[in-house]
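Have a look at the structure below, then the notes.
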Amino acid sequence: MTGWVLFLAAFLACAVEAVEATTVVLAVGVTRGWGSPLRGLAAGIAVLAAIVAALGPAIASIPMGPLRLIVGALLLVFGLGWLRKAILRASGYKALHDEELLYAKEVEAARKAGNAGRRPLMGGDPYAFTLAFKAVVLEGLEVAFIVVTFGANARNVPLAALAAAAATVITVAVALVVKGPLSRVPENSIKFAVGILLASFGTFWAAEGAGADWPGADASLLAIIPAIAIISFAGVAAMRRKRQWQVTAVPAAPSPTPEGVPS
Amino acid sequence: MTAVAKLARSFFAFWWDFIIGDDVTLAVGVAAGLALVAVLHAAALPAWWALPVLWILALIWSLNRASRH
């Protein structure tokens with residue numbers, strides 16, 4: 001994998017995770033004050049650092065064949081899950097998962113939770129602490145996973161880590177500037193693109209790890225990525241036609257506006 | 001349910017949700033594809049096509065099922 005492809009893939013994938021975690025922390029901080037969410041954020045980062053420190057050397061000592069098989073399969077399953085959701089959203093079968101909706105849900109949940117169960121160890125607001133901590137650990141774990149696997153497979157972990165750091169810094173900078181939900185970031189479109197990239201790299205690595213020899217070796221990625229993109233867009237078109245047919249056959253059915261596919 | 005069983009259950013549920021997500025069909029398709037790749041490779045036959053074909057079929061199946069609900 002060339003350097004810029006690795007950087008772009010890791011950057012996009014990590015940006016999506018950073019947007020989700022940042023949105024949750026912002027929502028909790030705005031509604032319940034910043035002390036506990038920032039402590040949750042710090043605790044989450046500490047846990048992540050420990051996981052990455054433990055995971056990095058372990059992965060480096062694993063032979064490349066089994067590593068490619070395992071992480072390729074995981075990336076492929078992740079990527080297909082993202083693609084499936086993106087296709088369903090783009091064709092109107094699934095509600096859009098935009099950051100404004102996520103922000104509104106978190107705000108509502110934070111208000112409903114009230115201030116019951118305060119504990120000083122979590123900065124006076126365990127709910128805010130837990131929400132921020134959970135978001136940072138879960139999304140950060142995915143970032144760490146992307147960095148370690150992309151970087152290890154391309155034999156360039158520092159570049160993948162640089163891409164992840166750039167994505168995180170830019171996302172946080174944008175969040176500080178807008179000080180609100182990150183709805184300006186076209187998350188659905190990014191997820192569609194990231195799903196294509198994860199499925200492409202996952203397919204390549206997993207098949208190679210299982211013993212397959214790709215025609216053209218690494219250069220086959222230049223065919224795999226556009227092929228999966230074409231298949232995905234064909235899936236959106238087919239699902240939109242099916243949705244249209246279902247709406248025509250049953251006039252009472254709701255018909256959401258298709259969105260989320262980059263034009 | 002004991003505390004250990006609860007912990008084990010939540011641990012399993014976390015990793016299931018983290019890896020598998022909404023639909024197990026895709027993971028099954030990937031696993032079947034990888035198994036077919038290994039079989040073809042062992043038989044010294046071209047194997048690179050098997051994984052994408054199997055996961056594309058799984059994706060079509062999964063999307064069709066979602067569209068019926």
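The values are calculated or read from the model by the stated rules, or taken from the named source; none is laboratory data. Since this is a predicted model, take the numbers as computed values, not measurements. For the accessible areas, the whole protein counts, side chains as well, though only heavy atoms, and no ligand, DNA or RNA atoms are used. Shrake-Rupley method; radii C 1.70, N 1.55, O 1.52, S 1.80 Å.
Annotations for the structure displayed:
- Compared with the dominant principal axis of the Cα atoms in chain B, helix B:50-68 is inclined by about 50°.
- Exposure of A:V147 as accessible area (Å², to 10), given a probe of 1.4 Å and all protein chains: 20
- Compactness index (Cα Rg / 2.2 N^0.38 Å), chain B: 1.51
- Potential extension, A:A53-A:I170 segment - 0.36 nm per residue separation minus Cα distance: 39.8 nm
- With protein chains left intact and a 1.4 Å probe, residues in chain B average 63 Å² of accessible area per residue.
- Heavy-atom accessible area buried between chains A and B is around 2500 Å² (1.4 Å probe, both sides summed).
- Cross-link pairs beyond the 23 Å C-alpha cut-off, checked among A:K134/B:K6; A:K85/A:K242; A:K94/A:K134: A:K94/A:K134
- In the range B:1-47, burial by the other protein chains removes 30 Å² or more of accessible area from B:F14, B:F18, B:I19, B:D22, B:L26, B:V30, B:L34, B:V37, B:H41, compared with the chain on its own (1.4 Å probe, ligands and nucleic acids ignored).
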